[in-house]
Structures are given as structure tokens and as C-alpha cells.
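> Handing you a structure now.
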Amino acid sequence: MKLLETNVSRRNVLAGLGATTLGVITLTACGSSGSNTASGGGAKNFVMTVWGGDPDKAAYQTRLDLAKAKFPDYKITLQIIPNKDYAQKVQTMISGGTGPDIMQVAEDANAYSSKNQLLALDEYISSSKLDMTAAFGAVAENWKYKDKTYAVPDRAGAMILYYNKGEFEKKGLAIPTGDWTWDDLLSAAKELTGDGVYGYGGTEWWPIWMSFAYQNGGKIIDPDSGRPTVDTPEVIEALQFCQDLIYKHKVVPSKVDYANMGAGVGGDAAFASGKVMMNSTGFWNIGSLAKQDKITWDVAQIWHGKEKAISAFGSGLAISRSSKNPADAFKIIEFMTSAEGQKPILDLGQDVPARQDLQNSPEFLKPSWLKADVNMEVFPESTPSIFKPPFIPEWNEMQKAITDATADFWLGKTDAAATAADLQKRLGSIVKTQA
């Protein structure tokens, strides 16, 4: 997912990690950006926009080279746009009639589709006989709006649990599994906490606490009515459990604790430094952890509550309304999301490819770029438990409301019931459309 640039921006695998750069990759000479009309020799011009930095540039370059070989008459220009500028720049382009043919979308996809800035792909998907569920599993539903599909999944990895394998072995603890319950998580975290070290990294980040809420049978936005449902017992109980990990059980660092340990504002750095024994995040931390020798570690599936529910991080490929040749643009998307088109994602260690066959392939489970022995099976094993997040058109406004309503909650100044009531009111004034 193209995670919002808040205190978790460094965890944004889809935004390319770290500093982003603005670049343009042209596979062959082409006309002006946004031109889709036939040019000399019958060639067709296409523009594709994605966000990210150098790792993304290399991966998409490789994939579009393969597309060029598949479609020699297509001239494809790739535009890399910094994450922080992406939404505004692309929407401005589309509004001005110079939008890309193909564009990467994530959590705010319906901010585009609700404004008719994206084309529905159902007709093309049907004609191509692409079985979305068979190819992509649970995330096939993520890019639907009002029963129409606006993007094909491209990158998609479940949230996973990183754990300090050395400390688990030292204390004689059973390693985490997907069969863990909330109580199992808490029990292990207590055993691992002490002497300035904490058992778990925290739950403040929305993919984590929302997973708890969905595991408890709760929803943030009701999928039928499209209205917020935060102030329900299921969500309140989940939120309170998350806060209790910090202030009641003291197995998670508070903001003050993180500041004092000099590990930044999240659990990634604290886990890598050995100050946190377990941490929930996405695929992107594997590469950096594999290069260090301070701790021994591995990954596991996320626990469950009353239900199994796990957040996932991903993006899709969509066609903007500016495209003058959407049928051929879809052919490019179809290839880019095929096994051949997505294979460079895993070969280069960029991300988790959305295709289930690739996630289960030997090349992904034992990648050549990863020398450490890591349980990569957690990604395909987690797929059936991935829940569809509330990707409403007002996603960005919803994220701000969550940040504002929970600010005091994560400081321990308010309880879950009061926080949920406040957030319910804020969301009620924001959400104006049906799901």
C-alpha cells in the first residue's frame, strides 16, 4: 500500500523506501507525455506512472523491458513520481486531460474511481478470461468500488510478525505461529520484557490496530451501508487491548520510551537494535535485517482473535480516463500482472508479487538475493486471512481523523470508549458516500 507519509513513512515498501526521486524512464523514443495516438509505423504511445525511488525504478524498468519485447509496437514511458507528490500530480494530470494511461494505485484508489478518474476494468478482465481470485487470492477484492473493479493487483504482501529468534530460544519460548491468540502474544511479550527491553513493538499504526479490530469481529466502515462503525463493543475492546499493552502490561514502549531509547518513533529500528523482541510490519524489513548481525531473527504469521484477519500492503495497476487506447493499456496491465511480468518483483527483492503462484514458487520462498534463512512461506500462508480494508473515497480524510482522534489515546490520556466515540463522530462528518 502507498502508506500515508506519517510516522510510518519509512515502512512504505510501495513508496520505494527512504528518499524518493523524480525520474522518467523511456523505453523507446515516444511522443509527448500522455499521448496515446498512433504515430509513425503504427506504434502506440503509453505513459505509466508509479511512485517510488531507485529500487522501484530498476524493478519497473526491468518489467517494462519485458513488456516492450511482448509488444514491440508499443512505446511506453515510465514516470516515477515521489510518494508525497503522487496523488496531487496525477489528479492534476487527469483533470487536465494529460493523465497517464496506466497508473499505480493503493489505499486511496477510490479517491480516483469515485471521481470517474479511473476506468472500470470488468469488461477487459472478462474478455481476457483473467480469474482474479485464482490469480491473486483475497486481495483481488481490494480494488473494487460499487461492485466494479478499477485495478488489477500488482504487489501484495500480508503484514507479518518479526521475532528475535535468539531470545526466544534463550528463554525456551515456543516460536510464534498463526495459531497464536491475543493471550499468547501477551504472554510471550511479558516473558520477553525487562531490563529496558520490550516484548512487542506496538499497535499505533493503523494496519495493526485495525487487524485487532477485524479479528474481534469489528469493522471500521460497514461494508453494506458505508457508514462508520467504530463505536461498537468489538472495536472498543480491540483498541483497549492495544492500549493496555503499553500502559497496563508495559510490554510495549510508549512514545516517551521510544524517544528515550533513541530508536525513532516505531518498532522497526528498535527491533533491529534488540530493544524490541517482536514487531509487526511488512515485507520491506527483510532485506535490511538480513544485512545486520546484531540479532538472529525470523518471521511468522500474525496471531488471530475470534477470527483470522490480517492487513496487507499492496498496490494495483489502473487505467485513467485520459487513456485514448484503454484496450491496449489493459493488455500491458495484463502482462505486467502475469507471472512473467511480476517475476522481477521477487527476483530483485522489491516486494511481494500479488500473484499466488509466484508467492508459492521456489524463487520466492528461497530467493537468490536473501542469504538468511527466513520463513518466506508466511506470505502465501497468510493470504486466506487478509481482510479487505475500508478503502473509501475519503480515505485520506479518514486517516487524518484517525490520527487526530487517537492522539491522546496513544499517550494514555483517554480510554478506548471515549476515543471510539470521538472517532465515530469525526468519521460521520467525513463519510458522504455509500461503500
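> Which one is least open to solvent (accessible area, probe 1.4 Å), of the residues in the stretch 244-259 that are closer than 14 Å to A189 by Cα and in a helix (DSSP H, G or I)? Don't jump to the end; show me each part of the working.
Of all residues in the stretch 244-259, those closer than 14 Å to A189 by Cα come to 244-253.
Subsequent filtering for residues that are in a helix (DSSP H, G or I) retains 244-247.
On the way: D244: 36, L245: 3, I246: 19, Y247: 77 Å².
So, considering only residues that are closer than 14 Å to A189 by Cα and in a helix (DSSP H, G or I), the one least open to solvent (accessible area, probe 1.4 Å) is L245.
> Looking at G166, G97, G137, G172, can you tell me which residue is more than 24 Å from P207 (Cα to Cα), among the small types (G, A, S) and modelled with pLDDT under 95?
The conditions single out G97.
> Is it the case, given these coordinates, that W369 is open to solvent by 60 Å² or more (accessible area, probe 1.4 Å) and among the hydrophobic types (A, V, I, L, M, F, W, C)? Break it down into steps so the answer makes sense when it comes.
Working: open to solvent by 60 Å² or more (accessible area, probe 1.4 Å): yes; among the hydrophobic types (A, V, I, L, M, F, W, C): yes.
Judged against the criteria, W369 is a match.
> For the stretch 89-107, which residues satisfy the criterion of being open to solvent by less than 10 Å² (accessible area, probe 1.4 Å) and either in contact with a helix residue (DSSP H, G or I) (Cβ under 6 Å, 6 or more places away or on another chain) or not in a helix (DSSP H, G or I) (or both)?
Of the residues in the stretch 89-107, the ones open to solvent by less than 10 Å² (accessible area, probe 1.4 Å) are 90, 94, 99-107.
G99, P100, D101, I102, M103, Q104, V105, A106, E107, listed by residue number.
> From D222, D183, which residue is free of Cβ contacts under 8 Å to residues at least 40 places away in the same chain and not aliphatic (A, V, I, L, M)?
Numbers: D222 fails: free of Cβ contacts under 8 Å to residues at least 40 places away in the same chain.
Answer to the check: D183.
> Among the numbered conditions (1) more than 23 Å from N45 (Cβ to Cβ); (2) surrounded by fewer than 21 Cβ atoms within 10 Å (Cβ to Cβ), tell me where Q301 comes up short.
Among (1) more than 23 Å from N45 (Cβ to Cβ); (2) surrounded by fewer than 21 Cβ atoms within 10 Å (Cβ to Cβ), Q301 violates only (2).
> Then there is this: Looking at the stretch 348-359, which of the residues that are over 17 Å from the mean Cα position of the chain (by Cα) and in contact (Cβ under 8 Å) with a residue 60 or more places away in the chain is nearest to E123 (Cα to Cα)? Write out each step before concluding.
At the first step, the residues of the stretch 348-359 found to be over 17 Å from the mean Cα position of the chain (by Cα) are 348, 357-358.
Retained after the next criterion (residues that are in contact (Cβ under 8 Å) with a residue 60 or more places away in the chain): 348, 357.
Numbers: L348: 33, D357: 24 Å.
Result: D357.
> Can I ask one more? Find the helices (runs of 4 or more DSSP H) located wholly in the stretch 121-197 whose residues include 1 or more that are more than 30 Å from S320 (Cα to Cα), and list them.
On the way: elements: 122-128, 132-136, 165-170, 182-192.
Correct list: 165-170, 182-192.
> Right, here's the next one. Quick check, is K308 in contact with a Pro (Cβ under 9 Å, 6 or more places away or on another chain), open to solvent by 10 Å² or more (accessible area, probe 1.4 Å) and modelled with pLDDT of 95 or more? Spell out the reasoning first.
Values: in contact with a Pro (Cβ under 9 Å, 6 or more places away or on another chain): yes; open to solvent by 10 Å² or more (accessible area, probe 1.4 Å): yes; modelled with pLDDT of 95 or more: yes.
It is true that K308 is in contact with a Pro (Cβ under 9 Å, 6 or more places away or on another chain), open to solvent by 10 Å² or more (accessible area, probe 1.4 Å) and modelled with pLDDT of 95 or more.
> Something else now. Which pairs do you get when a residue that is free of Cβ contacts under 8 Å to residues at least 40 places away in the same chain and surrounded by 19 or more Cβ atoms within 10 Å (Cβ to Cβ), found in the stretch 413-425, comes within reach of a residue that is small (G, A, S) and part of a helix (DSSP H, G or I), reach meaning Cβ atoms under 8 angstrom, with the pair 6+ apart or on two chains?
So the pair list comes out as D422/A405.
> For the stretch 315-348, which positions are out of contact with any Leu (no Cβ under 7 Å at 6 or more places or on another chain) and in a strand (DSSP E or B)?
G316, L317, listed by residue number.
> What do you reckon, is L130 in contact with a helix residue (DSSP H, G or I) (Cβ under 9 Å, 6 or more places away or on another chain) and open to solvent by less than 10 Å² (accessible area, probe 1.4 Å)?
no
> Would you pick out the residues in the stretch 108-124 that are open to solvent by 20 Å² or more (accessible area, probe 1.4 Å) and either more than 27 Å from N45 (Cβ to Cβ) or among the hydrophobic types (A, V, I, L, M, F, W, C) (or both)? Don't jump to the end; show me each part of the working.
The first filter runs over the stretch 108-124 and keeps only residues open to solvent by 20 Å² or more (accessible area, probe 1.4 Å), leaving 114-116, 119-120, 122-124.
Those that are open to solvent by 20 Å² or more (accessible area, probe 1.4 Å) and either more than 27 Å from N45 (Cβ to Cβ) or among the hydrophobic types (A, V, I, L, M, F, W, C) (or both): S114, L119, A120.
> Turning to a different aspect of this structure: Which of the residues spanning the stretch 362-375 are touching a strand residue (DSSP E or B) at 6+ places or on another chain (Cβ under 9 Å) and without any contact (Cβ under 8 Å) to a residue 60 or more places away in the chain?
Taking the stretch 362-375 first, the residues touching a strand residue (DSSP E or B) at 6+ places or on another chain (Cβ under 9 Å) are 364, 372-375.
The one that is touching a strand residue (DSSP E or B) at 6+ places or on another chain (Cβ under 9 Å) and without any contact (Cβ under 8 Å) to a residue 60 or more places away in the chain: F364.
> Let me ask another. Somewhere in the stretch 292-308, is a residue closer than 30 Å to K432 by Cβ and either of a type in the set (F, W, Y) or part of a loop (DSSP other than H, G, I, E, B) (or both)?
Quick first cut of the stretch 292-308, residues closer than 30 Å to K432 by Cβ only: 307.
Subset that is either of a type in the set (F, W, Y) or part of a loop (DSSP other than H, G, I, E, B) (or both): 307.
Yes: the stretch 292-308 contains one or more residues that are closer than 30 Å to K432 by Cβ and either of a type in the set (F, W, Y) or part of a loop (DSSP other than H, G, I, E, B) (or both).
Yes or no, residue by residue, for (1) over 30 Å from F46 (Cβ atoms); (2) of a type in the set (A, V, I, L, M, F, W, C):
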residue	(1), (2)
V352	no, yes
Q359	no, no
D373	yes, no
M376	yes, yes
T406	yes, no
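> Between residues in the stretch 273-298 that are within 13 Å of M376 (Cα to Cα) and residues that are in a loop (DSSP other than H, G, I, E, B) and among the β-branched types (V, I, T), which pairs lie under 7 Å by C-beta distance while being six or more apart or on different chains?
Partner pairs satisfying both residue conditions: F283/V352; I286/V374; D298/V374.
> Taking the stretch 329-366 as the search range and keeping residues that are polar (S, T, N, Q) and farther than 30 Å from Q91 by Cα, which one is most open to solvent (accessible area, probe 1.4 Å)? Before the answer, list the steps.
From the stretch 329-366, those polar (S, T, N, Q) are 337-338, 342, 350, 356, 359-361; that's our starting set.
Filter once more, so that each one left must be farther than 30 Å from Q91 by Cα: 356, 359-361.
Working: Q356: 30, Q359: 4, N360: 90, S361: 13 Å².
Here the residue is N360.
> Related question: Which of (1) under 22 Å from the mean Cα position of the chain (by Cα); (2) surrounded by 17 or more Cβ atoms within 10 Å (Cβ to Cβ) is the odd one out, the single condition P326 does not satisfy?
With (1) under 22 Å from the mean Cα position of the chain (by Cα); (2) surrounded by 17 or more Cβ atoms within 10 Å (Cβ to Cβ) applied to P326, the lone miss is (1).
Yes/no per residue for (1) open to solvent by less than 50 Å² (accessible area, probe 1.4 Å); (2) farther than 23 Å from S361 by Cα; (3) not hydrophobic (A, V, I, L, M, F, W, C):
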{"position": "K144", "(1), (2), (3)": "no, yes, yes"}
{"position": "D147", "(1), (2), (3)": "no, yes, yes"}
{"position": "A158", "(1), (2), (3)": "yes, no, no"}
{"position": "T193", "(1), (2), (3)": "yes, yes, yes"}
{"position": "Y198", "(1), (2), (3)": "yes, yes, yes"}
{"position": "T203", "(1), (2), (3)": "yes, yes, yes"}
{"position": "M210", "(1), (2), (3)": "yes, yes, no"}
{"position": "Y214", "(1), (2), (3)": "yes, yes, yes"}
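The values are calculated or read from the model by the stated rules, or taken from the named source; none is laboratory data. This one's a predicted model, so the numbers in the text were calculated from it and none came from an experiment. Positions of Cβ are backbone-derived with ideal geometry, glycine not excepted, and every protein chain shown enters the neighbour counts. Note: areas computed on protein heavy atoms with side chains; ligands, DNA, RNA excluded. Shrake-Rupley method; radii C 1.70, N 1.55, O 1.52, S 1.80 Å.
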